[in-house]
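Here's the structure we're looking at; comments come further down.
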Amino acid sequence: MAGRAATSSAKWAREFLFRRVSSNPLGGAIRNSSSSAPGASSSTPKVPHFSKKGRILTGATIGLAIAGGAYVSTADEATFCGWLFSATKVVNPLFALLDAEFAHKLAVTAAARGWVPREKRPDPQILGLQVWGRKFSNPIGLAAGFDKNAEATEGLLGLGFGFVEVGSVTPVPQEGNPKPRIFRLREDGAIINRCGFNSEGIVVVAKRLGAQHGKRMLAETSGTSSSPSDEGKPGGKSGPGILGVNLGKNKTSEDAAADYVQGVHNLSQYADYLVINVSSPNTAGLRMLQGRKQLKDLVKKVQAARDEMQWGDDGPPPLLVKIAPDLSRGELEDIAAVALALHLDGLIISNTTVSRPDPVSNNPVSTETGGLSGKPLFPLSTNMLREMYTLTRGKIPLIGCGGVSSGEDAYKKIRAGATLVQLYTGFAYGGPALIPQIKEELVSCLERDGFKSIQEAIGADHR
């Protein structure tokens, strides 16, 4: 068995190396970026010019592929998979040499084209749970904002996330705010962004999600990817893993509800859950929708739009609301009351903060306008999570988001009341290797405190 796995892995490694040497993906990404500049020639040069950073990234990737090919001949598939994730620790720091937004685009492209590791090892059973009638292999998800336009869902889910949330998606394409708009605070493990819902729009995203959905349906019909034993496996409409779709409004829209309703009508058939984003600090007036009356009216309209559609045996996708971490106790009470009264399916706590808590306040970059994410957000978002769990009496699933960069962080969110946990900035800094690390650490935390399942740990701090 180990011999066959090694042979299969060796074949994969040869293909991996061939694709990268022949296609030179990193150089191509840099070349395409420069060719869009004013006055650039439209023809492709026979011998492309690579920047020093591009050569470093390309050389590192090829070097890892060669080393992997040599290593894999004596390793089984699981061992080689672990090696691949560990190897990304060498490449990931090189992204810090690039402009923040370009590095982000390059990472999305890498995931979209399969230039990232694929998790072959099953998640520990202790991490599995069921929420909204959907089976999650683990509670660790990727927050919205990374894959805004659903370009890389298959590759990102393949990294081992239990779920991935795409968006925010706006009805009409929009550029977002002027660049530069993403700023790293490396020493604080934080990022400030003021992107402003840059989106390719509903039509483009619907086509991508529809193609993925159709691909999976075709595979299931032909019997190549499903069997009776698959029925109990975790997964959603996009295959293994659960897919969430985060909906936003256009900057110039005068009818926010109409924008969210349009998102529901066009994207909900491809989503395992939907999110109404009313908490980004980078769209003027958006956070006003978190007021009690405004939120109640908005949620009613979106629920009605979803419920009037035709649904199969699985029913409509759950509807969640993502809220800001900068709310007062009274505002939290209002949101909790609306969520309970309208039987909202869940809340995501939280979005980025406009505050600059210590030690970020001492960083010169902290003066940039925008939302702060990363480690400094953890105390604020976790305290709010704990409050909301109390206000909703544990009756509504909560997704804890903000500052998660370790298994211990995820565990603290879960004990505070989170059913699921999301990360983004931690993933941007830690890369693919962080995902199996967080899951391994989370298992250790659960076993250390005597929990036999993730479900037992939810809200443990309140008991």
Hey, which aspartates and glutamates would be in cross-link range of K120, C-alpha to C-alpha under 12 Å, not counting anything within fewer than 8 residues on its own chain? D76, E77
In whole percent, the Cα-Cα distances of the stretch 103-150 spread across 5 Å bins from 0 upward as 5, 16, 18, 20, 20, 15, 7, 0
Take every Cα pair under 8 Å in the stretch 368-435 that's 6+ residues apart, average their separations, divide by the length, and report that relative contact order as a whole percent. 34 percent
Contact order normalised by residue count of the stretch 241-361, Cα under 8 Å, 6+ apart, percent: 26 percent
Nonlocal amide H pairs with C401, under 5 Å, H built at 1.01 Å: I349, S350, Q422
Any chance you could look up the accessible area of W132 with a 1.4 Å probe, heavy atoms only, rounded to 10 Å²? 50 Å²
How high is the relative contact order of the stretch 74-192, in percent, with contacts defined as C-alpha pairs under 8 Å that are six or more residues apart? 22 percent
Cross-link partners of K395 among lysines (Cα-Cα below 22 Å; sequence separation of 8 or more within a chain): K135, K293, K296, K300, K322, K412, K413, K452
With just the Cα atoms defining each centre, how far is the stretch 121-185 from the stretch 239-267? Give it in Å. 15 Å
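The values are calculated or read from the model by the stated rules, or taken from the named source; none is laboratory data. It should be emphasised that the depicted structure is a prediction, and the values quoted were computed from it without experimental measurement. In case anyone asks, the SASA skips ligands and DNA or RNA and just uses the protein heavy atoms, side chains included. Shrake-Rupley method; radii C 1.70, N 1.55, O 1.52, S 1.80 Å.
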